[in-house]
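These notes concern the structure reproduced below.
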Amino acid sequence: MNNFSHVQMGVDYYPEHWDRSLWVEDAQKMKEVGVKVIRVGEFAWSRFEPKEGLFDFKWLDDAIALFHDQGIQVVIGTPTHTPPRWLTEKCPDILPIQANGQPNHAGVRGHRCFNSESMDSYGSRIVAQLTQHYKDHPAVIGWQTDNEFSLTYCHCESCNARFREWLQNKYSSLEQVNQEWGTVVWSGEYNSWSQVTTPIGGSPFQNPSYQLDYYRFQSHSANIFQQRQIDIIRHNCPQHFITHNFHSYPQKLDLYPLGENLDVAAFDYYPNTSPNKTTTGPYSGALSLDITRGIKRRNFWIMEQLSGPPGCWMPMWRTPYPGFIRAYIWQAISRGADTVVQFRWRSANIGAEQFWHGLIDHSNIPGRRFEEFTKVCAEVNALSSTLAGTVLRNDIAILHSHDQLVALDIQPQSEGLDYYENIKCWHRTVTKLGLGVDVLNWMEHLSDYKIIIAPSLYLMDPAVATNLASFAEAGGTIIFTHRTGVKNMNNVCLMEPLPGLLSACAGVEVEEYDPIGNDPHHMVTADDISYSCSQWCDILKPTTAETLAWYADDFYAGKSAVTVNSHGRGKVYYLGTHVDESYMKVLIEELVEAHDLMIFPELPEGVQVSVRVRDSQSFLFILNLSREFQRIPLDSSYESVLYPGIKHPNTLTLEPYGVEILNMHNNH
């Protein structure tokens, strides 16, 4: 297996889009600026197989040879995201069928059904041909499966047949399906398996248990589709690594099963360039990076990163401000990216993505953004060996669940209650305090952490409930929030006081609730400080818990809003409402102090810190992801790793989009 842990820069390159005369100068220029790896091929099926059974890899052989001569390594994308027209014309069953019965059409991308037998046959063949051809090529180090998986929401005959099979494997009988889904409502009971179909018609008002299982089946289909490719690649190229380029939540695809059999997760990162997003964008991006790291619980790749203003399906964004590209590359590395691949080397002059800008504009004259990229390449290459093998080790984790996201989307609970946006709030609060945080699949083991934040565990798995209670018993701290323990895993409401299976460890029960949405409400703490709250109010009845805050409005004024319970050697907090971020900050600061964690309480807006460690070495990344000069207080004098010979005595000033990396174990 190739060692892909060294820190390096790369670019996405499409030789099939350019005249061959450009390949040579592009390869030479990449070597000059310090590019170490390129990704190719993920959309090139029509060039790899221009006619059925006629395979042509000569053009890519020639291109790869040029890059190999310059010492640049290659990751090849399997081209199954874009079946060629000759194939979809011959095998129309490849095209997904929409809920209204109409097929998707070729000419865009992602126009393939995961359950199509034709797609399975022809897709497996092109992957087998590619991997056989490049299995021994010295420049090729790895493979990317397909491209940016998402759900196809297909309703073809094959998907209907596979959906029934999936249900038959999950449930013992059709009678059990009726029972678990509660199909008696609206006389929806099934009398034969042939009546069970995908949600044809697309109505959002169908049985929520049925809808949740359909989304799970769709994720399962994507996973099986990818696994066929993984099996072929492993067989033909056992020395190569395998990755996939995930893209941002919120989406209804379950990333965690897809990531399980990959060697490394990858993410396509396009931070928003709008000045209006400077106060939220850096934090949303940090969450996406932390989610990507959590897929495998290890360092990851960026397979596409913003290089200029995007524009394709929407008007173009603002061009990146000076320093923006460099700062966000370092942000990705600071949060665990070992390789950052920029999209793309040169802006396309053909096709739908002509204005999804690359590092070089249509003029083909390198400009300001290219010069900035060149600077980053030099910095990354200079520090590659220093940072090799460094990882993040955090004491705080936020639990993230695909099932919660989908279930809460199927049945919105109140105005403004958005599962992923609420996770953003907690993650942003922790990040603003300079604390590292992992974002994990909610079913992972938790023993490595001291504090767990678990927003809205709306569906409850008994094993997870036991895991969380054990974590608290052993001395950990947990934060639960409103809409916890409402349903079982089949999306059916539980007939027991909320928060259900977590009531005992939380030491509280919900007497009643009020979906307040955006109506202004407040709560008051014991020290008589008022905080605004929104979305939801669980009216709490402590059993063994202590009340920390009380509602100040409505018929439940004076009732408990926030509680804490001692459970074993740990503490369990229950927040019955979506609290203001200022209260989140106060609470996290108290917990951090109790667990004696390092904190940066005076971080300016837009400044983020992160620590990568290896053995006894620790490197502190400080990034100013804002358009203002920022002054950051330090607890000591630190030596710069990024700028050798520079020391920062107790304070650091960073220009807009400025970056610094400090040696934490060489301070005085």
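Taking other residues whose beta carbon is less than 12 angstrom from the beta carbon of residue 377, and scoring Lys, Arg as +1 and Asp, Glu as -1, yields +1.
If both residues of a DSSP beta bridge must be in region 378-476, then about 0% of such bridges are antiparallel.
Could you tell me the convex hull volume per residue, in Å³, taken over the Cα atoms of region 257-321?
105
Using a Förster distance of 25 angstrom, determine the FRET efficiency expected from the C-beta separation of residue 65 and residue 381, and round it to 0.05. Result of the calculation: an efficiency of 0.60. For the peptides 595-603, 533-541, the ranking by packing is 533-541, 595-603, with the highest mean count of neighbouring Cβ atoms within 10 Å listed first.
The ranking of 278, 292, 563, 547 from fewest to most other beta carbons within 10 Å of each one's beta carbon is 547, 278, 563, 292.
If the convex hull of the alpha-carbon atoms of region 396-595 is projected onto planes in all directions, what is the mean projected area in square nanometres?
Spelled out: convex hull of the Cα atoms, projected over all directions, averaged, 9.9 nm².
Mean sequence separation of contacting Cα pairs (under 8 Å, at least six apart), scaled by the length of region 59-186, corresponds to a relative contact order of 31 percent. Take every Cα pair under 8 Å whose residues are at least 6 apart in sequence, average their separation, divide by the length of region 396-595, and the relative contact order is 21 percent. Packing around the peptides 92-100, 434-442, taken as the average count of other Cβ atoms within 10 Å per residue, puts them in this order, highest first: 434-442, 92-100. If I model region 607-663 as equal point scatterers sitting on the Cα atoms and use the Debye formula, what is log10 I(q)/I(0) at q = 0.21, 0.29 Å⁻¹? With one equal scatterer per Cα and no solvent, log10 I(q)/I(0) is -0.77, -1.28. What whole number of Å gives the distance from the Cα centroid of region 193-272 to the Cα centroid of region 341-365? Region 341-365 and region 193-272 have Cα centres separated by 29 Å.
The gain in end-to-end length when the residue 234 to residue 99 segment is fully stretched comes to 45.0 nm, 0.36 nm per residue minus the alpha carbon separation.
I'd like the Kirkwood hydrodynamic radius of region 1-156, using the inverse of the mean 1/r over distinct C-alpha pairs, in Å.
Answer for region 1-156: a Kirkwood hydrodynamic radius of 16.7 Å.
Normalising by residue count, region 508-558 has a Cα convex hull of 67 Å³ per residue. Computing FRET efficiency as 1/(1 + (r/R0)^6) for residue 495 and residue 108, where r is the C-beta to C-beta distance and R0 is 45 Å, gives about 0.45. For the chain, the relative contact order is 11 percent, taking Cα pairs closer than 8 Å that sit 6 or more residues apart in sequence and dividing their mean separation by the residue count. Straight-line cross-link reach from residue 170 at under 12 Å between alpha-carbon atoms covers these aspartates and glutamates, not counting any fewer than eight positions away in the same chain: 180, 213. Secondary structure note: in region 396-595, about 60% of the DSSP beta bridges are antiparallel.
Relative protection proxy for 38-51, 295-308, from highest mean packing down: 295-308, 38-51 (other beta-carbon atoms within 10 angstrom). Distance between the 7 Å Cα→Cβ label points at residue 168 and residue 298: 3.8 nm.
At 222 nm, what value in deg cm²/dmol follows for the chain if DSSP H runs of at least 4 each add -39500 (n - 2.57) and the sum is divided by all its residues, to the nearest 500? If you can, show how the numbers build up before the last one.
Numbers: 17 runs with 212 residues, N = 668.
Mean residue ellipticity at 222 nm (helix-derived): -10000 deg cm²/dmol.
According to the Cα-based calculation, Rg over Rh for the chain is 0.98, with Rh computed by the Kirkwood formula.
Legend: distances between Cα atoms for 36/90; 36/424; 296/541; 29/58; 450/541; 424/559; pairs beyond 30 Å are 36/90; 36/424; 296/541.
No lab work stands behind these numbers, since they all come straight from the coordinates. None of these values were measured; they are calculated from a predicted model. Here Cβ is always computed from backbone atoms with ideal geometry, including for glycine, and neighbour counts include all displayed protein chains.
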